[in-house]
Amino acid sequence: MFASVIVDVPSKSVNQVFDYRIPSGMQDIIKVGHRVVVPFGRRTIQGYVMNIKDTADFDPSKIKPISRTLDIEPVLTEEMIVIAKYLAEYYVDQYISVIETILPAALKANYKKIIRAAGDDGEAAQALRNLGISGDIETSRLTADQLSVLRPHFKSGELVEETVISQHTRKKTALGVYSLKVPEPNLGRAKKQIELLERIDMSSEPILLGTLQEEGYSNGMVNTLYKKGLIDKVDVEIERDPYSGRIFEYDKPKVLNGEQRRAYEEITQSMDEKSAETFLLHGITGSGKTEVYLQVIQKALNEGRTAIMLVPEIALTPQMVNRFKMRFGDDVAVLHSGLSPGEKYDEWRKIKEGRARVSVGARSSVFAPFENVGVIIIDEEHETTYKQSDRPMYHAAEVAKFRSRRHGCPLILGTATPSLETYARSEKGVYRRLELTERAGTKILPEIRIVDMSEQHRAGNTSVISTPLHEAITDRLEKGEQTVLLLNRRGYSNFQICQSCGHVPMCPNCDISLTYHKSNSSLLCHYCGYESRVTRQCDNCSSEDVTFRGTGTEKVEEILRDMFETDVVRMDNDTTRRKGMHEKLLNHFEKDEIPILLGTQMIAKGLDYPKVTLVGVLNADTMLNLPDFRANEKTFQLLTQVSGRAGRHELSGEVIFQTYNPTHYAIELATHNDYRNFYEKEMAFRRMARYSPFYFHVLFTVSSEDVRKCLGATSHIHETLAGAMSEQSIIVGPSPSPIERINRQHRFQILLKYKREPALLELLNELDAEYHEKYKKEGISLKIDVNPLVI
Ligand code: ADP
Ligand code: ZN
Ligand code: ZN
């Protein structure tokens, strides 16, 4: 028997399966989806069994055997293997990179180099011992001096360097004890010891030492029993649970209102029919979409099926996890990037082994290894985090649709502001649209006002806080209510400028100015992380007349504290870098009733606090000015999203947008919550400019330190496309990317817009293969982004 194995070759991409012989002893063990260790050239590496067959493609006598398998059960289900193949082709990528995206990182091989002596008592072994080393040693742990002492032994072949696989964090264990069931233990009259032995005796599983300690039995007592041969010690696997020790009180299902009920019934009917439909649940903020999700999931569970719930980024929406845990308890597995690899692996296994039936997670949890899926939900479907920005550049909705077809289950795309592509599909009837037009319960939408900042300037107010916003905040402070302020720009000032020569300090690696961060007096590049200290003297002309322009969250925090003499919680990439900080800051804001929460767009999603009655957007135009055809759409979405944070409970809410473009339709229509009109206006623009959803896009980005190499590769791609595409297709570029240089890499792009190109996928895969064969070696990188979200 033979196995086709896809191998994980570090730093080299091989999109090919290799045949290996399955040794006779392993024939009943190895199945499709198993992780195996195989010889590859002179190395030993990890691979995944993709297929098992009776005959091999090559001379069977030359085929090497599989060395061993790494798991008892296969880690990849058949479904995952099919998905990997589909995604690798659709998004023009390597199988192995897709497989390693599907699986938790803890299962990936970790390769390291070790040095090994040929024999135990040769000169080389002695040389190692002289350095204080017994046995094998990792190369990276030796100093340059030590290596030079060993060098002669490599030449003579007495010392060899090998690459070996070491596994990442796997299972976590702790010491436990179990009783040996001795017929008549001799404990005399030591009462407490007899009691302890009985306690251990009664348990069918080993008991952790920690548990016994909590119950009042000391380690000393346990050791006495151990020495008397009455109990034995073992390593017990323990599960890492990021939510351990937290109590979630059960939250009863709510009685659905008319619109919610209708949505629920249509979705569950489709679930019964197993018709794999996609629904757009278009509901304004606070209309009770989440309650609909929860009840649909309950229905799936009642029928013995499972459910996948995707959210844009869990760290930003801790309240969502709470609601799921409160409804479904331990049936919920939580998967997201904030967990350690070990925690993620344990949550993943809960799903794989059937101990959790609902997953809540970010993008990659769409791969949750469930059987018999009853419903898949993508909340805030318009969010860009659902598309991975590195290879493989997949979109979670694409995977969700694939799984929905396979399991015959509904897919729900929920949002207040659908992406244009999704809404257009619902207009065509490809997706079934369900509308929730009112807030659940009795609450009404907040009133939204626009403040024209140019007018404020003319009236003499040059502060970042306009007079109406100032009044509204003051009012909330008096009433003890809370305010949320959005400013989509972190740091203190945007840039430093010399007032005598106009010089602006730029990042040496990127074509972008450095941002001033006051807290650590540094100038920081937000693209590559370059940091330099602030000097109060111009680098160019030595003048001391330097100043800072533009306002970021760090500076506004300072302004607010001075202006209102009050406490402020600031949330941006700088204050939330450490694990768990999002939740900590939000708790602080809620529990300690801090009057003002100021943040970048990370505060726009999911927050639901009863005392928040005012939302202010300090600069509603930031997103409008992005060099992206979706700039209007992003602006409308962000403004609608953040407005939805106000007045969600008993107290009614108010929203203020500060802008220099008070008549722009993205801003104007957001104040009226008028999605429909926005959709129509924006569609007219997209049709005229020939953009998505009227055209499909593929974006090619070529980058290299050498600008000529960049141009050479881009014009080659351009020629290839021009020769192969039909006349209806449009090729834009080559042109420099919006920021031409990032991290010393020059970047050029080509945008392909097309309606129908049957041969395109094949052409893209050929271009990618060519890149791997030719360009990669020359230090040129090519990114092929199919259905890009940022252009
Ligand atoms: P969305 O997900 O659309 O933003 P939520 O599901 O969070 O809306 O609902 C908003 C608020 O209304 C929540 O506090 C929720 O508990 C409450 N709610 C939802 N549905 C109902 C209902 N049928 N009856 C009463 N309250 C409801
Ligand atoms: Zn100067
Ligand atoms: Zn930079």
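Got at least one residue in the range 690-706 being of a type in the set (D, E, K, R), within 16 Å of ligand 3 (Cβ to nearest atom) and not assigned by the TED database to the domain that holds Met623?
Looking only at the range 690-706, we keep the residues that are of a type in the set (D, E, K, R), and these are 690, 705-706.
Narrowing the set further to residues that are within 16 Å of ligand 3 (Cβ to nearest atom) leaves 705.
Now restrict to residues that are not assigned by the TED database to the domain that holds Met623: 705.
Checking the range 690-706: at least one residue is of a type in the set (D, E, K, R), within 16 Å of ligand 3 (Cβ to nearest atom) and not assigned by the TED database to the domain that holds Met623.
Of the residues Gln745, Gln749, only one is in contact with a Gly (Cβ under 6 Å, 6 or more places away or on another chain) and modelled with pLDDT of 90 or more; which?
Working: Gln745 fails: in contact with a Gly (Cβ under 6 Å, 6 or more places away or on another chain).
Residue meeting the stated conditions: Gln749.
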Can you report the number of residues in the range 409-430 which are more than 26 Å from Ala631 (Cβ to Cβ) and either in contact with a helix residue (DSSP H, G or I) (Cβ under 7 Å, 6 or more places away or on another chain) or crowded, with 16+ Cβ neighbours inside 10 Å (or both)? 4
In the range 183-241, the residues that are closer than 30 Å to Ala106 by Cα and either at pLDDT 85 or above or of a type outside the set (Asp, Glu) (or both): Pro206, Ile207, Leu208, Leu209, Gly210, Thr211, Lys233, Val234, Val236, Ile238, Arg240
Do you know which of the residues in the range 683-706 that are more than 29 Å from the chain's Cα centre (by Cα) and crowded, with 16+ Cβ neighbours inside 10 Å is nearest to Phe748 (Cα to Cα)? Arg686
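So which of Thr515, Thr551, Thr547, Thr474 is more than 16 Å from ligand 1 (Cβ to nearest atom), surrounded by fewer than 18 Cβ atoms within 10 Å (Cβ to Cβ), farther than 26 Å from Lys591 by Cα and not aromatic (Phe, Trp, Tyr)?
Details: Thr515 fails: surrounded by fewer than 18 Cβ atoms within 10 Å (Cβ to Cβ); Thr551 fails: surrounded by fewer than 18 Cβ atoms within 10 Å (Cβ to Cβ); Thr474 fails: farther than 26 Å from Lys591 by Cα.
When all the criteria are applied, what remains is Thr547.
Looking at Lys299, Lys274, which is the one that is more than 16 Å from ligand 2 (Cβ to nearest atom), exposed (fewer than 14 other Cβ atoms within 10 Å of the Cβ), of a type outside the set (S, T, N, Q) and assigned by the TED database to the domain that holds Ser419? Please lay out each step first, then the result.
Details: Lys299 fails: exposed (fewer than 14 other Cβ atoms within 10 Å of the Cβ).
After ruling out the rest, the residue left standing is Lys274.
Here's the yes/no breakdown for (1) modelled with pLDDT of 95 or more; (2) within 16 Å of ligand 3 (Cβ to nearest atom):
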| site | (1), (2) |
| --- | --- |
| Leu420 | yes, no |
| Gly429 | yes, no |
| Glu435 | yes, no |
| Arg439 | no, no |
| Pro446 | no, no |
| Ala472 | yes, no |
| Gln499 | no, no |
| His503 | no, no |
| Asp511 | no, yes |
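Sort through Glu266, Glu249 and tell me the only one that's exposed (fewer than 12 other Cβ atoms within 10 Å of the Cβ) and among the charged types (D, E, K, R).
Working: Glu266 fails: exposed (fewer than 12 other Cβ atoms within 10 Å of the Cβ).
Only one candidate passes the filter, namely Glu249.
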For the range 734-775, enumerate the residues that are surrounded by fewer than 16 Cβ atoms within 10 Å (Cβ to Cβ), in contact (Cβ under 8 Å) with a residue 24 or more places away in the chain and charged (D, E, K, R). Arg744, Lys755, Arg756
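Residues Thr535, Thr547, Thr613, Thr575: which one is within 30 Å of Ile473 (Cα to Cα) and either within 16 Å of ligand 3 (Cβ to nearest atom) or part of a loop (DSSP other than H, G, I, E, B) (or both)?
Values: Thr535 fails: within 30 Å of Ile473 (Cα to Cα); Thr547 fails: either within 16 Å of ligand 3 (Cβ to nearest atom) or part of a loop (DSSP other than H, G, I, E, B) (or both); Thr613 fails: either within 16 Å of ligand 3 (Cβ to nearest atom) or part of a loop (DSSP other than H, G, I, E, B) (or both).
Selected residue: Thr575, the only one of Thr535, Thr547, Thr613, Thr575 that is within 30 Å of Ile473 (Cα to Cα) and either within 16 Å of ligand 3 (Cβ to nearest atom) or part of a loop (DSSP other than H, G, I, E, B) (or both).
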Just give me the residues in the range 499-557 being in contact (Cβ under 8 Å) with a residue 24 or more places away in the chain, in contact with a Leu (Cβ under 8 Å, 6 or more places away or on another chain) and away from ligand 2 (no atom under 14 Å from the Cβ), in sequence order. Thr515, Tyr516, His517, Leu523, Leu524, Ser532, Val534, Thr551, Gly552, Thr553, Val556, Glu557
Only one residue in Cys541, Cys507 is within 16 Å of ligand 3 (Cβ to nearest atom) and out of contact with any strand residue (DSSP E or B) (no Cβ under 6 Å at 6 or more places or on another chain), so which one is that? Cys507
Under 6 Å by Cβ, and 6 or more places apart or on different chains, what pairs join a residue from the range 718-733 that is assigned by the TED database to the domain that holds Leu751 with one that is among the aromatic types (Phe, Trp, Tyr) and crowded, with 16+ Cβ neighbours inside 10 Å? Ser729/Tyr754
Can you tell me which residue is nearest to ligand 1 (Cβ to nearest atom) among those in the range 484-501 that are among the hydroxyl-bearing types (Ser, Thr, Tyr) and in a loop (DSSP other than H, G, I, E, B)? Tyr492
Please enumerate the residues belonging to the range 87-130 that are surrounded by fewer than 20 Cβ atoms within 10 Å (Cβ to Cβ), more than 18 Å from the chain's Cα centre (by Cα) and among the charged types (D, E, K, R). Glu89, Lys112, Lys113, Arg116, Asp120, Asp121, Glu123, Arg129
What pairs can you find where one residue is in the range 177-193 and under 20 Å from Pro206 (Cβ atoms), the other is among the charged types (D, E, K, R) and not in a loop (DSSP other than H, G, I, E, B), and their Cβ atoms are less than 8 Å apart, with a gap of 6+ or different chains? Val177/Asp232; Val177/Lys233; Tyr178/Asp232; Ser179/Asp201; Leu180/Asp232; Lys181/Asp201
Quickly run through the range 66-81 and pick out the residues that are exposed (fewer than 14 other Cβ atoms within 10 Å of the Cβ) and either at pLDDT 90 or above or touching a Ser or Thr at 6+ places or on another chain (Cβ under 8 Å) (or both). Glu78
Per-region count, the range 276-312, residues basic (Lys, Arg) and near ligand 1 (Cβ under 7 Å from one of its atoms): 1
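For residues that are of a type outside the set (Ser, Thr, Tyr) and within 31 Å of the chain's Cα centre (by Cα), scanning just the range 39-59, find the one that is farthest from Val5 (Cα to Cα). Can you show your working first?
First, the residues of the range 39-59 that are of a type outside the set (Ser, Thr, Tyr): 39-43, 45-47, 49-54, 56-59.
Those left that are additionally within 31 Å of the chain's Cα centre (by Cα): 45-47, 49-51.
On the way: Ile45: 11, Gln46: 9, Gly47: 6, Val49: 5, Met50: 6, Asn51: 7 Å.
Checked the range 39-59; the qualifying residue farthest from Val5 (Cα to Cα) is Ile45.
Could you look through the range 509-532, keep only residues that are part of a loop (DSSP other than H, G, I, E, B) and of a type in the set (A, V, I, L, M), and pick out the one that is nearest to Leu485 (Cα to Cα)?
Applying the first criterion (part of a loop (DSSP other than H, G, I, E, B)) to the range 509-532 yields 509-512, 514, 518-521, 525-530.
So of that shortlist, the ones also of a type in the set (A, V, I, L, M) come out as 512, 514.
Values: Ile512: 27, Leu514: 25 Å.
In this case the residue turns out to be Leu514.
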Filter the range 107-128 down to the residues that are in a loop (DSSP other than H, G, I, E, B) and touching a helix residue (DSSP H, G or I) at 6+ places or on another chain (Cβ under 8 Å), then identify the one that is nearest to Ile72 (Cα to Cα). Lys108
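Quick grid of which residues meet (1) within 18 Å of Asp768 (Cβ to Cβ); (2) part of a strand (DSSP E or B):
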{"residue": "Tyr691", "(1), (2)": "no, no"}
{"residue": "Val702", "(1), (2)": "yes, yes"}
{"residue": "Lys709", "(1), (2)": "yes, no"}
{"residue": "His716", "(1), (2)": "yes, no"}
{"residue": "Gly723", "(1), (2)": "yes, no"}
{"residue": "Ser726", "(1), (2)": "no, no"}
{"residue": "Pro736", "(1), (2)": "no, yes"}
{"residue": "His746", "(1), (2)": "no, yes"}
{"residue": "Leu751", "(1), (2)": "yes, yes"}
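Out of the range 226-285, which residues are among the aromatic types (Phe, Trp, Tyr) and either more than 28 Å from the chain's Cα centre (by Cα) or assigned to a helix (DSSP H, G or I) (or both)?
Applying the first criterion (among the aromatic types (Phe, Trp, Tyr)) to the range 226-285 yields 226, 243, 248, 250, 264, 279.
Hits for the range 226-285 are Tyr226, Tyr250, Tyr264.
Give me a count of the residues in the range 129-145 that are touching a residue at least 24 places away in the same chain (Cβ under 8 Å) and part of a helix (DSSP H, G or I).
As a first pass, look at the range 129-145 and keep what is touching a residue at least 24 places away in the same chain (Cβ under 8 Å): 138-140, 142.
When the remaining residues are screened for being part of a helix (DSSP H, G or I), the result is 139-140.
Going through the range 129-145 one residue at a time, the tally reaches 2.
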Test: Phe685 is assigned to a helix (DSSP H, G or I), of a type outside the set (Asp, Glu) and closer than 30 Å to Phe636 by Cα: yes
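The values are calculated or read from the model by the stated rules, or taken from the named source; none is laboratory data. The structure presented is a predicted model; accordingly, all values stated were derived computationally and were not measured. Virtual Cβ from ideal backbone geometry, glycine too; neighbours counted across all protein chains shown.
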